[in-house]
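Visitor: For reference, the structure I am asking about is given below.
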Ligand SMILES: C[S@@+](CC[C@H](N)C(=O)[O-])C[C@H]1O[C@@H](n2cnc3c(N)ncnc32)[C@H](O)[C@@H]1O
């Protein structure tokens, strides 16, 4: 197997605002999503990235939730993100830098690196997760343009973790911050991105989460309790208008693949610097 490049960043003090990054982002969510992908879209990559525990948790969740639209959303989540990120790179930019922040056990970084051989794709997570991820992918033939960075973003700045490279696209999940905090985090990404850069952010969508909750057999109250959840498009516009991003688009999985009828459990916000 080809080992992709690894960078481990040691802990250092950083300015206060940056300590917000990744504060409560959950690893268990990443295991569950990887388990779901392995069950629903069992490619060798998705299977390698998943754990037995993640697959079992997903099987239980599927029994409890049993909503076809939810299943279709899980299957679509990564292909949709990939398409949106590819579309966000300006044509004239022949060597873009793409960062998947809090990569967990997602296949997105690998798929993007395979499809965009001239890009540098950087997957970033804590040292613990990056090590687990690399163990799971030890037999995979990973592309040369994929770089793994282990860094705790509550301890080091993103720019430092990226070795001073300004990304053209940052992919990130906005679920884990209340909006005032999220604005601070988004403005930080804005300051790190390249001039023409974009942010691709999944954020939980209240109507979709409510639909799951309505069909769930048990644990209704525990489902989808995300600080960053948005209730309507207006709320997204208000949130984004409080950031330094110039413009943004909201993309619904149900619009992307209407024939599959995915439930909009999250929406993607694509923001232009
Ligand atoms: C919800 S999970 C990622 C899900 C993944 N992007 C996917 O689509 O499957 C959030 C990730 O953020 C990472 N994370 C949390 N705090 C972090 C920090 N301070 N620095 C770097 N990564 C962090 C966690 O380890 C976790 O893997």
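The values are calculated or read from the model by the stated rules, or taken from the named source; none is laboratory data. A quick note: this is a predicted structure, and the numbers were derived from the prediction, not measured. Reconstructed Cβ throughout: ideal geometry from the backbone, glycine too, with neighbour counts over all protein chains shown.
Visitor: From the residues in region 90-109 that are away from the ligand (no atom under 12 Å from the Cβ) and surrounded by 20 or more Cβ atoms within 10 Å (Cβ to Cβ), which one is farthest from residue 49 (Cα to Cα)? Please lay out each step first, then the result.
Guide: Within region 90-109, the subset away from the ligand (no atom under 12 Å from the Cβ) is 90-98.
Then drop every residue that is not surrounded by 20 or more Cβ atoms within 10 Å (Cβ to Cβ), which leaves 96-98.
Numbers: 96: 25, 97: 23, 98: 20 Å.
Among those residues, the one meeting the criterion is 96.
Visitor: Another one. How many residues does region 50-76 contain that are out of contact with any helix residue (DSSP H, G or I) (no Cβ under 7 Å at 6 or more places or on another chain) and crowded, with 21+ Cβ neighbours inside 10 Å?
Guide: Residues meeting the conditions: 0.
Visitor: Restricting to region 55-73, name every residue that is within 15 Å of the ligand (Cβ to nearest atom) and modelled with pLDDT under 90. Please lay out each step first, then the result.
Guide: Here is the first cut: in region 55-73, the ones within 15 Å of the ligand (Cβ to nearest atom) are 55, 57-58, 61, 73.
Of everything in region 55-73, those that are within 15 Å of the ligand (Cβ to nearest atom) and modelled with pLDDT under 90 turn out to be 57, 58, 61.
Visitor: Say we look at region 110-124 and pick out the residues that are outside any loop (DSSP other than H, G, I, E, B), touching a strand residue (DSSP E or B) at 6+ places or on another chain (Cβ under 8 Å) and over 16 Å from residue 172 (Cα atoms); which of these is farthest from the ligand (Cβ to nearest atom)?
Guide: From region 110-124, those outside any loop (DSSP other than H, G, I, E, B) are 110-115, 120-124; that's our starting set.
Filter again for touching a strand residue (DSSP E or B) at 6+ places or on another chain (Cβ under 8 Å), leaving 110, 112-113, 120-124.
This time we only want the ones that are over 16 Å from residue 172 (Cα atoms), so: 113, 120.
On the way: 113: 15, 120: 18 Å.
Only one residue tops the list, namely 120.
Visitor: Output the residues belonging to region 230-262 that are in contact with a strand residue (DSSP E or B) (Cβ under 9 Å, 6 or more places away or on another chain), surrounded by 16 or more Cβ atoms within 10 Å (Cβ to Cβ) and not in a helix (DSSP H, G or I).
Guide: The answer is 230, 243, 245, 248, 250, 251, 252.
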